[in-house]
1. Restricting to the stretch 91-109, give me the number of residues that are of a type in the set (S, T, Y) and more than 13 Å from A62 (Cβ to Cβ).
2. Report the residue count in the stretch 18-67 for those that are under 17 Å from N86 (Cβ atoms), part of a loop (DSSP other than H, G, I, E, B) and within 11 Å of the chain's Cα centre (by Cα).
3. Might you let me know whether the stretch 69-85 holds any residue that is among the polar types (S, T, N, Q), assigned to a strand (DSSP E or B) and within 13 Å of Y101 (Cα to Cα)?
4. Across the stretch 83-105, what is the total count of residues that are at pLDDT 90 or above, under 14 Å from the mean Cα position of the chain (by Cα) and of a type outside the set (A, V, I, L, M, F, W, C)?
Amino acid sequence: MPNTGSAPTQDRIRPKPLEKGHYPTIPENSEVLSLTRANGICYVDYNSVFQDYALDVSEQVAVYSVVNTLIAATDMDKVEISIEGNKEVTFGQNMQLYKFYEWNDSLLAHTKVKKEQKK
């Protein structure tokens with residue numbers, strides 16, 4: 001039986017800047033319409049604001065901020081994002097949402113710092 005998301009989990013997928021000078025990664029008016037977990041996959045459905053609003057971050061940063069946040073907050077391995085129930089959506093210019101996304105730490109600032117320190 002699918003497990004629907006709880007309010008605390010939904011709050012976490014609205015990434016807001018934690019530090020001065022950082023940018024939001026998804027629009028503030030984005031709303032989670034549904035959040036379901038089943039078979040290791042987290043399915044999140046946003047309203048159209050998520051797709052239509054341009055931010056000062058790349059498409060990958062916006063999508064993976066949701067993916068990484070959901071994976072970190074749950075015991076799921078993959079995330080599928082839909083917009084208003086539609087899975088066959090292109091986010092921004094190039095990102096196809098009709099696939100399962102997995103954790104990606106290559107876009108995290110602390111990961112880049114760690115990699116630079118090892119050189």
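1. To start, the set of residues in the stretch 91-109 that are of a type in the set (S, T, Y) comprises 98, 101, 106.
From the residues that got through so far, the ones that are more than 13 Å from A62 (Cβ to Cβ) too are 98, 106.
So the count comes out to 2.
2. Total satisfying the criteria: 0.
3. Step one: list which residues in the stretch 69-85 are among the polar types (S, T, N, Q), which gives 69, 74, 82.
Still in the list and also assigned to a strand (DSSP E or B): 82.
From what's left, within 13 Å of Y101 (Cα to Cα): 82.
Yes: one or more hits.
4. 5
The values are calculated or read from the model by the stated rules, or taken from the named source; none is laboratory data. All of these numbers come straight from a predicted model, not from anything done at the bench. With ideal geometry, Cβ positions are generated from the backbone for all residues, glycine too; neighbour counts draw on all protein chains shown.
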